[in-house]
1. Using only alpha carbon pairs under 8 Å that are at least six residues apart, calculate the relative contact order of the range 57-168 and give it in whole percent.
2. Would you compute, from DSSP H runs of 4+ residues alone, the mean residue ellipticity of the chain at 222 nm, taking -39500 (n - 2.57) per run and dividing by the full residue count, rounded to the nearest 500?
3. Taking a ≥ b ≥ c as the square roots of the eigenvalues of the Cα gyration tensor of the range 250-386, is the shape rounded (a/c under 1.5), prolate (a/b larger than b/c) or oblate?
4. Using a Gaussian network model of the chain whose springs link C-alpha atoms within less than 10 Å, name the residue from 366, 231, 70 with the highest mean-square fluctuation.
5. Please give me the summed charge of the neighbours of residue 245: other residues whose Cβ is under 11 Å from its Cβ, Lys and Arg +1, Asp and Glu -1.
6. If Lys and Arg each add +1 and Asp and Glu each add -1, what is the summed charge of the other residues whose beta carbon sits under 13 Å from the beta carbon of residue 229?
7. If amide hydrogens are placed 1.01 Å from N in the peptide plane, which non-local residues have theirs closer than 5 Å to the one on residue 216?
8. Apply the Karplus curve 6.51 cos²θ - 1.76 cosθ + 1.60, θ = phi - 60°, to the phi angles in the range 248-259 and return the couplings in whole Hz, x for Gly and Pro.
Amino acid sequence: MTEPTPITRTVRAGIDQDPNHGAVVAPIYLSTTYTFEDFGVPRAHDYSRRGNPTRTVLAGALATLEGGAGAVVTASGMGAISTVLHALLKPGDLLLAPHDCYGGSWRLFDALASKGNFELKLVDLTAPDAADVIARERPTLLWIETPSNPLLRVSDIAALSAAGHAVGATVVADNTFLSPIWQRPLELGVDLVVHSTTKYLNGHSDVVGGVVVAATPELHTDLLWWANCLGVTGGAFDAYLGLRGLRTLHLRMAAHEANAARVVELLGQHPAVSAVHYPGLAAHPGHDLARRQQSGFGGIVTFELHGGELQVRTFLDALTLFCPAESLGGVESLVSHPATMTHASMPPQVQAAAGITPTMLRLSVGIEDGADLVADLSRALDLISRG
């Protein structure tokens, strides 16, 4: 019999595996503690912070999708990042991270570096000399975020991983924007993949969670220990909902991308728009690289308006199908203003260095009818043009 694909194995994770009642869907184990099998002999699960049966099923599904040796499911994406930082860095070590990374990641990196937990250097990992910078700086931990948030810059995962490994670095990739449906960083050489499962993996804006997928059993074991020690592991009900969302991931991602393509077409020809950032565009600087290392371009579209704050406010007020909210990857469409929302923790000079402008907006294009989304955006953009 042919081995099922990772997608099929993920859809069927935990399905028809209940020996007690024959439940088709994996049950939720809400118990916080479990009896020992014998004196000094714990079962596979003894205390839910360390291990939970429902969370274990989700971790196995996520590891399968990314092609990893194991996964650690956390209570948030930032919990996943915190676990990696605590497990792999000590005072004096260098974290090399993108200058345009997610604002929450930057805030944590900067805060812990300021306390002396490690050294931090921010660099442009999309620059032609990125590999030379890695060789010169010799980081302990190399952090890759591609496509970047919110500018959707594309980093060469294979080249950066090779450069990092050449100097002994552990390489981590944040794969939240594409999910393993469109990009599999472990196959390109990274050691760890992190996600905010809040986003596409769950996909319904009703769970906050995170995951770290490890390339080796040794890294997986180390991360499990730290997640338990820090108390950042995810809850059973969140894991159950995460499995529910994961089963439709491949279908949702296709719908997100199809709608994003229609939105990009509108934005590219509207006079109210000054710039469109989307790797699917042939004019995008990372387009050719994205075609090589990704199997899709995703559902996030970032663009900039002509004008200033008045135009941004007018546009946002006119929308009816794009909720003004942070986060992304849900079935519903969202619009965010990075400068005052997702990246508000960054000082203005750091935002400017990252390329974030006051008129920049990021769309998380949902799976509604694409024609309705285009009509909503067109109406809001027309108001700016007439103004």
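Read-outs: derived from the displayed coordinates by stated rules, not from any lab. These numbers come from a predicted model, not from an experiment. Virtual Cβ from ideal backbone geometry, glycine too; neighbours counted across all protein chains shown.
1. Details: 139 pairs, mean separation 27.7, N = 112.
It rounds to 25 percent for the range 57-168.
2. Details: 14 runs with 153 residues, N = 387.
Per the formula, -12000 deg cm²/dmol.
3. On the way: a/c = 1.44, a/b = 1.13, b/c = 1.27.
Rounded.
4. Per the Cα network of the chain with a 10 Å cutoff, 231 tops the list.
5. Residues near residue 245 contribute +2 overall.
6. Numbers: positive: 49, 50; negative: 222.
Surrounding charge for residue 229 is +1.
7. Amide H neighbours of residue 216, under 5 Å, 5+ apart: 69.
8. 10, 4, 5, 6, 5, 4, 5, 5, 4, 5, 4, 5
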